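Taking it in order: structure first as structure tokens, then the write-up.
The values are calculated or read from the model by the stated rules, or taken from the named source; none is laboratory data. From a predicted model like this one, the values you see are computed outputs, not experimental measurements. Note that we place each Cβ from the backbone using ideal geometry, even for glycine, and neighbour counts take in every protein chain shown. For accessibility, only protein heavy atoms count, side chains too; no ligands or nucleic acids. Shrake-Rupley method; radii C 1.70, N 1.55, O 1.52, S 1.80 Å.
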Amino acid sequence: IFSDSTSTKSNVTFQLFTIPVDMRLGMTIGRGKYFKLSVAGGPSVMGISQSRDDKERGEDEKHRRQYSFGYFGQAKAQISLSALFKDLAMGGFSQYQMTNMYLNLEARHQSYENFEDDISITGTSFGLGFTFEYL
């Protein structure tokens, strides 16, 4: 919706792909049996590729590629499922030579504000996942 007084609606569809590349410096705190906390951060570059359906093939603005330098910070809490559930640990080791399995809770903040166009990609995301360690 445009910001003019008529609130005209646009029927343009944009496709936006983002590709971050990070240079990471981090550390792990509390390498205990049940719990680990990791923090990381550093400079980053974000490449974006956008495509719109209201331009004809070959027009300059049909496809645009840009990049911006920025930064990111990340925190990850890992809970050792192998330490909590001994049967799971023994089964994982005997079948797959898996030495540890963690449940991960992650948060990432990133900021990129120097693209050619007047856009910025800034925000915080949260994730849930697993880490498997093998011999």
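Using every pair of separate Cα atoms, the Kirkwood estimate puts the hydrodynamic radius of the range 1-72 at 16.1 angstrom. Stretching the chain fully between R24 and H109 yields a gain of 29.3 nm (0.36 nm per residue, less the alpha carbon separation).
Seen against the Cα atoms of the chain and their longest principal axis, helix 86-96 is set at about 70 degrees. Number of Lys-Lys pairs in the chain with C-alpha atoms under 24 Å apart and a separation of 8 or more places or on different chains: 7.
Globularity index of the range 13-132 is 1.49 (Cα radius of gyration / 2.2 N^0.38 Å, N = number of residues). This model, with +1 at the C-beta of Lys and Arg and -1 at the C-beta of Asp and Glu, gives the chain a dipole about its Cα centre of some 820 debye.
Taking the dipole about the Cα centre of the range 1-125, with the C-beta of Lys and Arg at +1 and of Asp and Glu at -1, give me whichever of S111, G70, S38 is farthest to the positive side. Positive-end residue among those listed: S38.
Dividing the summed helix terms, -39500 (n - 2.57) for each DSSP H run of n ≥ 4, by the number of residues in the chain produces a 222 nm estimate of -3000 deg cm²/dmol to the nearest 500. Stretching the chain fully between R64 and I79 yields a gain of 1.2 nm (0.36 nm per residue, less the alpha carbon separation).
Stretching F93 away from D118 to a fully extended chain increases their span by 3.8 nm, per 0.36 nm per residue minus the current alpha-carbon distance. Solvent-accessible area of the chain (1.4 angstrom probe, protein heavy atoms only): carbon and sulfur portion equals 57 percent.
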